[in-house]
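K.L.:
Handing you a structure now.
The values are calculated or read from the model by the stated rules, or taken from the named source; none is laboratory data. Worth saying up front: this structure is predicted, and the values here are computed from it rather than measured. Here the Cβ is made from the backbone with ideal geometry for all residues, glycine too, and neighbour counts use every protein chain on show.
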Amino acid sequence: MSGESKAVRKLIEKFTGVSLRVEESNGATMVTVGKEKARDVLLFLRNDADCNFDMLTDQFGVDHSSEKPRFELIYLLNSLGNKERLTVKVRLAEGESFPTVCDIWKAAEWFEREIFDMFGIRFDNHPDLRRILLDDDFEGHPLRKDFPTEGYGFDQPFTVHLEGENE
């Protein structure tokens, strides 16, 4: 790839034999890495002096319901010193978990909780993996493509009982 960044070159050099797919679109570089080495890649990108991706700008999930593996975790990284951005993608099958990156970037703590809440993807060794947007007793994960558009029980009548009201 002609416009390959120094960080991507170092990544390819360091992780020889690891499945890395590098893509470029509209000036943005994306690296897709297999689940087995993804955490190592993320740690390297943060710790290597030449890469120095010291900021996790965002982390989110995508449900590719008809594909295998079904889910994708996406990490938007920023190197403030190098003025460089990089997107790292990891694919996960239904029911698979992924190691937390909270110890790499503190910002991941709430991002991972949101992904867990909306998609049901678990993060191993997360310090506080619980729902962040929905009630604890909410059933399901609304950003999964198989979640009903109206939600569960939408066709059931809704009644409100006020305190002290005669029934």
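K.L.:
Name every residue in the range 58-90 that is among the hydroxyl-bearing types (Ser, Thr, Tyr) and either exposed (fewer than 14 other Cβ atoms within 10 Å of the Cβ) or in contact with a helix residue (DSSP H, G or I) (Cβ under 9 Å, 6 or more places away or on another chain) (or both), in order of residue number.
P.N.:
Ser65, Ser66, Tyr75, Ser79
K.L.:
Now a separate question. Mind listing whichever residues of the range 35-49 are more than 17 Å from Lys83 (Cα to Cα) and touching a strand residue (DSSP E or B) at 6+ places or on another chain (Cβ under 8 Å)? Give the derivation first.
P.N.:
Step one: list which residues in the range 35-49 are more than 17 Å from Lys83 (Cα to Cα), which gives 35-44.
Scanning the range 35-49 gives Lys35, Ala38, Arg39, Val41, Leu42.
K.L.:
Cβ-Cβ distance below 8 Å, separation of 6 or more or different chains: which pairs start in the range 14-35 with a residue that is over 19 Å from Gly61 (Cα atoms) and free of Cβ contacts under 8 Å to residues at least 60 places away in the same chain and end on one that is loosely packed, with under 10 Cβ neighbours inside 10 Å and not polar (S, T, N, Q)?
P.N.:
Glu24/Gly3
K.L.:
Among what's in the range 1-28 and is farther than 22 Å from Leu80 by Cβ and among the hydroxyl-bearing types (Ser, Thr, Tyr), pick the residue that is surrounded by the most Cβ atoms within 10 Å (Cβ to Cβ).
P.N.:
Ser19
K.L.:
Among (1) out of contact with any helix residue (DSSP H, G or I) (no Cβ under 9 Å at 6 or more places or on another chain); (2) modelled with pLDDT under 95; (3) surrounded by 11 or more Cβ atoms within 10 Å (Cβ to Cβ); (4) aliphatic (A, V, I, L, M), where does Ala49 come up short?
P.N.:
(3)
K.L.:
Here's another thing I want to ask about it. Among the hydroxyl-bearing types (Ser, Thr, Tyr), free of Cβ contacts under 8 Å to residues at least 60 places away in the same chain and farther than 19 Å from Ile104 by Cβ: does that describe Thr57?
P.N.:
Working: among the hydroxyl-bearing types (Ser, Thr, Tyr): yes; free of Cβ contacts under 8 Å to residues at least 60 places away in the same chain: yes; farther than 19 Å from Ile104 by Cβ: no.
So Thr57 does not fit the description; no.
K.L.:
Also, quick follow-up: Thr16 is checked against (1) touching a strand residue (DSSP E or B) at 6+ places or on another chain (Cβ under 6 Å); (2) β-branched (Val, Ile, Thr); (3) not in a helix (DSSP H, G or I) and fails just one. What number does that condition carry?
P.N.:
The single condition Thr16 does not satisfy is (1).
K.L.:
Could you look through the range 59-106, keep only residues that are of a type in the set (S, T, N, Q) and in contact with a strand residue (DSSP E or B) (Cβ under 8 Å, 6 or more places away or on another chain), and pick out the one that is nearest to Met118 (Cα to Cα)? Spell out the reasoning first.
P.N.:
Pass one, the range 59-106, residues of a type in the set (S, T, N, Q): 59, 65-66, 78-79, 82, 87, 97, 100.
Filter again for in contact with a strand residue (DSSP E or B) (Cβ under 8 Å, 6 or more places away or on another chain), leaving 59, 78-79, 87, 97, 100.
Details: Gln59: 13, Asn78: 25, Ser79: 28, Thr87: 21, Ser97: 14, Thr100: 16 Å.
So, considering only residues that are of a type in the set (S, T, N, Q) and in contact with a strand residue (DSSP E or B) (Cβ under 8 Å, 6 or more places away or on another chain), the one nearest to Met118 (Cα to Cα) is Gln59.
K.L.:
Out of the range 29-40, which residues are in a helix (DSSP H, G or I) and surrounded by fewer than 20 Cβ atoms within 10 Å (Cβ to Cβ)? Let's see the steps before the verdict.
P.N.:
The initial filter retains those residues of the range 29-40 that are in a helix (DSSP H, G or I), namely 35-40.
Selection gives Lys35, Glu36, Lys37, Arg39, Asp40.
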